[in-house]
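Comments concern the structure below.
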Number of protein chains: 2
Amino acid sequence: MKIGELAKATATKVETVRFYEKAGLLSPPARTDANYRSYGPAHLQRLSFIRRARDLGFSLDAVRELLALADERGKPCAAVDAIASGHLAEVELKIADLSAMREELRRLIGSCRHNTVADCKIIETLGPRVLETTRMSA
Amino acid sequence: MKIGELAKATATKVETVRFYEKAGLLSPPARTDANYRSYGPAHLQRLSFIRRARDLGFSLDAVRELLALADERGKPCAAVDAIASGHLAEVELKIADLSAMREELRRLIGSCRHNTVADCKIIETLGPRVLETTRMSA
DNA sequence: CTTGACCCTGTAGTTGCTACAGGGTGCATA
DNA sequence: TATGCACCCTGTAGCAACTACAGGGTCAAG
């Protein structure tokens, strides 16, 4: 199959497929006489693996490792588990950070009395103690 | 104050301060004879505003708008509210996305029976239907 | 035989910094 | 006085993970 077909089959942009190849995630396929990339089912499988992992938020580095591990069929999968668990921890951390932001933003927005900027609690909270000594000098 | 002092006072790196200047967030300060940047309290105020907004996850574009609005003291703060609410919506969306990822990852990791890669549910789930026709050629 | 959809390479843009390289300045100390 | 060190300057390149051209080539249909 040609790159456009592969891309469509995996909901990926053509440029992204080429990018994955250059990044070493997808092996360079055979070429036609016209120098077109020619993919087989293995590539489709590989690319859909990559996309799923990406959808789950794994970094390209992590995907590279997962792909390498996936090829070592006989080995124990502890390393796979470690990568996934590490990623889960990162995701949980990010959720915690974002949740804190969310609460702070809600507080901020809730305090807005819809008057002028001069007494807007949002602006006030962002730029707290206004030192009266100076205005922004140019 | 010199750039290093300003940076320390706002827990910012010196390079980041210069970056904000180039990005139009922080107005270029006066210079000393030696061409060193010389900041006043207004800059300190401005930079701490920027840092707080960034900590809350506002994009640089949003910060630019907030800064512009903060200077229009007499105007209604509806626009401020709109930016903050829009950002809150984005944060909530991101949390939802990450929560979905988290659940999927937990499911994945929970299904791992700690055997070999060959029957690892994590790998299996990532690369689902293995088409037996081909192995990754090259 | 030309139009349009596809393919190719290579490079530059995005966001928000961070990290040099290759220089100058200012102050304390030996 | 020299000299070392911390700080400052500019400008550019790098990170992730793509995305979007520019400037070409190929192929099948009408």
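The values are calculated or read from the model by the stated rules, or taken from the named source; none is laboratory data. These numbers come from a predicted model, not from an experiment. Note that each Cβ is placed from the backbone with ideal geometry, even for glycine, and that neighbours are counted across all protein chains shown.
Has the range B:5-17 got at least one residue that is part of a helix (DSSP H, G or I) and more than 23 Å from the chain's Cα centre (by Cα)? Within the range B:5-17 (the criterion being part of a helix (DSSP H, G or I) and more than 23 Å from the chain's Cα centre (by Cα)), the answer is yes, since at least one residue qualifies. For the range A:38-54, how many residues are among the small types (Gly, Ala, Ser), part of a helix (DSSP H, G or I) and within 16 Å of DNA strand D (Cβ to nearest atom)? Total satisfying the criteria: 2.
Only one of the listed residues (A:88, A:56, A:69, A:108) is at pLDDT below 95 and either within 30 Å of residue B:86 (Cα to Cα) or among the aromatic types (Phe, Trp, Tyr) (or both). That residue is A:108. Each residue in the range B:2-37 was checked for being surrounded by 14 or more Cβ atoms within 10 Å (Cβ to Cβ), within 12 Å of another protein chain (Cβ to nearest Cβ) and near DNA strand D (Cβ under 10 Å from one of its atoms), and 1 of them qualify. Looking across the range B:65-88, the residues that are assigned to a helix (DSSP H, G or I), farther than 22 Å from residue B:24 by Cα and at the interface with chain A (Cβ under 7 Å from one of its Cβ atoms) come down to B:78, B:81, B:85, B:88.
When residue B:57 is tested against (1) assigned to a loop (DSSP other than H, G, I, E, B); (2) surrounded by 15 or more Cβ atoms within 10 Å (Cβ to Cβ); (3) at negative phi, exactly one condition is not met: (3). Among residues of the range A:22-38 that are closer than 11 Å to residue A:1 by Cβ, none has a Cβ under 6 angstrom from a residue that is away from DNA strand C (no atom under 12 Å from the Cβ) and basic (Lys, Arg) at a sequence gap of 6+ or on a separate chain.
Restricting to the range A:39-63, name every residue that is without any contact (Cβ under 8 Å) to a residue 12 or more places away in the chain and of a type in the set (A, V, I, L, M, F, W, C). Hit for the range A:39-63 is A:42, nothing else.
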